[in-house]
Amino acid sequence: MKDLVVTLSEQKLERAAYVLKTVAHPVRISIIDLLKQKKEISVGELTDALGVEQAVVSHHLTKMRDKQILEVRREGRNVYYSLTDDTITNIIGCIDSCEGF
């Protein structure tokens, strides 16, 4: 029997665990899915699209911003969010294409 070997580097394993723990909530995955469709979106647009209170959306946005998943841009009274990179949308895309989900 051939020996099994972990093929992912320690760095990739740590980053994957970090990102997956950060986005492991339905609202956060929904936010990422919306940002996949539209590269930048305001808190108000997210609140409308998700049908949840602004405080809930803001809580999840803050968590993801603090973990460097999202970037923030202010324009007057509006706050816009975007993804720091496409890595997380690739992961969500993989999950979406899986038969069991």
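Just so you know, all these numbers are worked out from the coordinates, no wet-lab data involved. Predicted, not measured: the structure shown is a model, and the values here were computed from it. All Cβ positions, even for glycine, are placed from backbone atoms using ideal geometry, and neighbour counts span all protein chains on display.
Within the span defined as the stretch 7-16, every residue fails to be part of a strand (DSSP E or B) and farther than 18 Å from Gly93 by Cα. Taking the criterion of being of a type outside the set (Phe, Trp, Tyr), closer than 16 Å to Ile91 by Cβ and in contact (Cβ under 8 Å) with a residue 24 or more places away in the chain, the residues of the stretch 17-60 that qualify are Val19, Leu20, Thr22, Val23, His25, Arg28, Ile29, Ile31, Ile32, Asp33, Leu35, Lys36.
Out of the residues in the stretch 62-75 meeting the condition of being under 19 Å from Asn90 (Cα atoms) and part of a helix (DSSP H, G or I), tell me which one is nearest to the chain's Cα centre (by Cα).
Residues of the stretch 62-75 under 19 Å from Asn90 (Cα atoms): 64-65, 67-71.
Going one step further and asking which of them are part of a helix (DSSP H, G or I), we end up with 64-65.
Values: Met64: 7, Arg65: 10 Å.
Filtering the stretch 62-75 for residues that are under 19 Å from Asn90 (Cα atoms) and part of a helix (DSSP H, G or I), the one nearest to the chain's Cα centre (by Cα) comes out as Met64.
A search for C-beta distances below 7 Å between a residue of the stretch 75-101 that is farther than 15 Å from Ile29 by Cα and free of Cβ contacts under 8 Å to residues at least 60 places away in the same chain and any residue that is of a type in the set (Gly, Ala, Ser) and surrounded by 11 or more Cβ atoms within 10 Å (Cβ to Cβ), counting only pairs 6+ apart in sequence or on different chains, returns Asn78/Ser42; Val79/Ser42; Tyr80/Ser42.
Within the stretch 42-67, if we keep just the residues that are β-branched (Val, Ile, Thr) and buried (at least 16 other Cβ atoms within 10 Å of the Cβ), the residue that is nearest to Tyr81 (Cα to Cα) turns out to be Val43.
I'd like the full set of residues that are outside any loop (DSSP other than H, G, I, E, B) and surrounded by fewer than 16 Cβ atoms within 10 Å (Cβ to Cβ), limited to the stretch 30-41. Let's see the steps before the verdict.
Filtering the stretch 30-41 for residues outside any loop (DSSP other than H, G, I, E, B) gives 30-37, 41.
Matches in the stretch 30-41: Asp33, Leu34, Gln37.
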